[in-house]
Amino acid sequence: MVTLQQIEEAQNALKNIAFHTPLMKNTNISYKYEAEVFLKREDLQLVRSYKLRGAYNKMFHLSPEFQKKGVVCASAGNHAQGVAYSCNLLKVKGTIFMPVTTPKQKIKQVEVFGKEWVKVVLVGDTFDDAFAESMKFSIETNQVFVHPFDDEMVIAGQGTVALEVLSDITQSIDYIFVPIGGGGLASGVSTVFKALSPNTKIIGVEPAGASSMKVSIENGVNTTLDKIDKFVDGAAVKRVGDLTFEICKENLDDVVSVEEGQVCSTILTLYNEEAIVVEPAGALTISALENYKDKIKGKTVVCVVSGSNNDIMRTEEIKERALFFEGLKHYFLIQFPQRPGALRTFVSDVMGPDDDITYFQFSKKNNRESGPAVVGIELKRKEDFEILCNKLASYNFAYDYLNDNQALYSQLIG
């Protein structure tokens, strides 16, 4: 197990390397949840996430022999940037394996931070695919593998986040919410809090589409998921670390799964109301407050905001997922009778005065009587959906609802 002493030593190694990021009370979120909510702003770190801490600590402690040979890592983006930055600082060659699906912004940042010291290899659709290839390469070349989470030195580096939190706050912390991908940050933070603030409830947060830690703890054994939703790319892994699993199952008070749509809503709210830009993984902990809103009233709460490496090209997808989650965006396959005035009837009589058509596409006619059209409608109020469906029925518009039919939605729209 990782010790408090190892984390304190990591803090010394990281002095003048990683920023001591601010712990900031957020007025809007505190008001919403009737609590004192502080954000640990790791999105303001040098590489825009906490990953630099663990990567540098691991590489700093390598022998000169292994530093000379070079290092290997696998990452969905943030760990890669931490390794790349550390390679440049320590003048160590690095080969970095990343999924093909990694946002271009993250790939570019890796190349910028690493300069001539790193080589990026894109392989596979998920972190796990990239991980398998990187391990194979590490064995073949006898280069040290810098694990993104399942390594004592990496965990110790991530744990320095907690030391900073406790040094910056003057009151007792009732809850700390920590994002979980592979579990490195949660392992380090929970180790510090168990030692120095044992009364604090430590809540791990995962995306619902990749809840590998929650499933593993429930099963009592580290469990590999068959499939995952890759949207929260910084926290979407099929299997957490064996070491991190052992630490988290002992230290965490709870693990919460957050729907990807809720994460998207949080991203947009933070941008619109706080001018804070976060990636999906960076929004996990704030999203989880909704699950705990009754328990945290009147309490002091810390949320670790873990990263801001977002790609602006994902904005439309983020908005769409948020509207889906909030019940404001709906897609239908509607049978429009091929008679004069059918479309006019739909627009004037079926749709409400505040409803907007955001997508409309006629399909090829399948007979002389009717022709289906894919229609996307955005509502102002969630409760207007039932009214819309009732009017479709009363005016005899046959339809299929696509939001609940992922296969048909993907074929016609996605």
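The values are calculated or read from the model by the stated rules, or taken from the named source; none is laboratory data. Worth saying up front: this structure is predicted, and the values here are computed from it rather than measured. Cβ atoms come from the backbone with ideal geometry, glycine included; neighbour counts cover every protein chain shown.
Of the residues screened, residue 304 is one that is more than 21 Å from residue 376 (Cβ to Cβ), hydrophobic (A, V, I, L, M, F, W, C), in the same structural domain as residue 229 (by TED's automatic domain parsing) and touching a residue at least 60 places away in the same chain (Cβ under 8 Å). Selection of segment 247-276 for residues being polar (S, T, N, Q) and not in a strand (DSSP E or B) yields 251, 262, 265, 266, 269, 272. Is there any pair linking a residue in segment 31-43 that is in contact (Cβ under 8 Å) with a residue 24 or more places away in the chain and crowded, with 20+ Cβ neighbours inside 10 Å to one that is in a strand (DSSP E or B) and of a type in the set (Lys, Arg), with Cβ under 6 Å and at least six apart or on different chains, and which? Taking only residues 6 or more apart or on different chains, the pairs are 38/25. Quick check on residue 279: is it part of a loop (DSSP other than H, G, I, E, B) and touching a residue at least 40 places away in the same chain (Cβ under 8 Å)? Spelling it out, residue 279 is indeed part of a loop (DSSP other than H, G, I, E, B) and touching a residue at least 40 places away in the same chain (Cβ under 8 Å).
Among residues that are on the phi < 0 side of the Ramachandran plot, β-branched (Val, Ile, Thr) and either surrounded by fewer than 18 Cβ atoms within 10 Å (Cβ to Cβ) or assigned to a helix (DSSP H, G or I) (or both), residue 202 is not included. Taking the condition surrounded by fewer than 24 Cβ atoms within 10 Å (Cβ to Cβ), in the same structural domain as residue 182 (by TED's automatic domain parsing) and without any contact (Cβ under 8 Å) to a residue 40 or more places away in the chain, does residue 273 pass? So residue 273 does not fit the description; no.
In segment 210-233, the residues that are in contact (Cβ under 8 Å) with a residue 12 or more places away in the chain and within 16 Å of residue 101 (Cα to Cα) reach residues that are acidic (Asp, Glu) and buried (at least 20 other Cβ atoms within 10 Å of the Cβ) with C-beta atoms within less than 9 angstrom, at least six apart or across chains, in these pairs: 229/260; 231/260; 232/206; 232/260; 232/279; 233/279. So, in segment 250-280, of the ones that are aliphatic (A, V, I, L, M) and under 25 Å from residue 221 (Cβ atoms), which residue ends up farthest from the chain's Cα centre (by Cα)? Residue satisfying both the conditions and the ranking: 252.
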